[in-house]
């Protein structure tokens, strides 16, 4: 072999030697990085697991000794410098639970694995018997979400489901923030895209850390009352309804078929108006005076044509409709309901140019917003229902549903700090409940 050939072989051998050394160094670095990532991931899993265990106890064990007294903190272990061993995962953790004024609970969980710590902070709302759910998502559905046509949701969307095809996004639909699917769900399994190359979801798909739950508040009992004669508005300029004509009484029917204004006086106090049927097919029912007004209807409630139910300007108080009838609530034509409603089991249909400015709560199985109908609300709360927003239907405010469908040019958006961001009605819950507000 010639001199140059020998030198060439030597050079190649040296190059291979240095390549192998470099490769080994790279592999060592990658192995160290993978090891570090694994340790941090395990510490995170331990922190989340410990937090979930405490949340379960707080949410499901009445009188749990895990909940400290107001403005007190419980620590596990008490010194907060050591850890509690968790043998099953070969790691450790420590926890602190702070009760702030019996309204909010802050849970801090630190997972520890082979020298690495990871901290999780969870905020929970303690309702103290008053219904006060939180709405971090523009749309939440326990099960399916289906967007077709040009449907758009401005905000984040979530489902508890991890079932195949639970979320269907047409090629021209959009969610401008994050889509959350159930814990452990896989995007490729749960989400079906009409166009694989379309960017339907602005901030991508993530998993809920835990399933969300939205129980219904307690529906109030129907008030008693002595029955009086029905009311029919058939002429212009009817006299106002004074408190003495309805307080403590049951009105079997209130029918309005005249294009006029019918005033109901409050006398400056909170009032209950108890009705069998409320049928407004023309004109306006106007509440005059300060004070909250609760309508209780156990028959039918319908609004159509160019009708309104509203409060006169310049007065304070809310309008609330408690509907225990079984027939559907139909708001059609150019009807406008300025108040909130709670339907015990009824379906709700808002069609044409109809609209509601207030909250909708229902235990019914169907809610439809169609045509050019518009809801301006703090929440459309229908955890048992299939909620359909169709055509040019629009909801301004979060939606809670069992299943959610948006078709055509339907839209949902949440406007924070808007004129529609009213307080929720003061309703009770079956038991004091903790709601998870945020994880970080």
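Observations on the model:
- Rounded to the nearest 5, the antiparallel percentage of DSSP beta bridges internal to the chain is 25%.
- When each of the peptides 182-195, 216-229 is scored by how many other beta carbons lie within 10 Å of its residues on average, the order from highest to lowest is 182-195, 216-229.
- Averaged over residues, the count of other Cβ atoms within 10 Å places the peptides 272-281, 160-169 in the sequence 272-281, 160-169, highest first.
- Which of 359, 296 has the fewest Cβ neighbours within 10 Å, and the rest in rising order: 296, 359
- Within segment 99-117: backbone nitrogen closer than 14 Å to the residue 72 label point (7 Å, Cα to C-beta): 99-102
- Extension gain for residue 392 to residue 36 (0.36 nm times residue separation, less C-alpha to C-alpha distance): 123.0 nm.
- In this structure, residue 365 and residue 88 have a Cβ-Cβ separation that, at R0 = 51 Å, corresponds to a calculated FRET efficiency of about 0.75.
- Remark: the residue 253-residue 154 segment gains 31.5 nm on full extension, using 0.36 nm per residue and subtracting the alpha carbon distance.
- Spin-label model distance (nm) - residue 228 vs residue 260, 7 Å beyond Cα toward Cβ: 1.8 nm
- Distance between modelled label sites at residue 440 and residue 213, nm, 7 Å Cα→Cβ extension: 2.6 nm
- FRET efficiency, residue 65 to residue 423 (Cβ-Cβ, R0 35 Å, nearest 0.05): 0.60
- Scaling against 2.2 N^0.38 Å puts the C-alpha radius of gyration of segment 69-166 at 1.53.
- Label-point separation in nm, residue 123 to residue 143, each point 7 Å along Cα→Cβ: 3.3 nm
Read the figures in this text as sums done on the coordinates, not as results from a lab. Quick caveat: nothing in here was measured; it's all calculated off a predicted structure. Note that each Cβ is placed from the backbone with ideal geometry, even for glycine, and that neighbours are counted across all protein chains shown.
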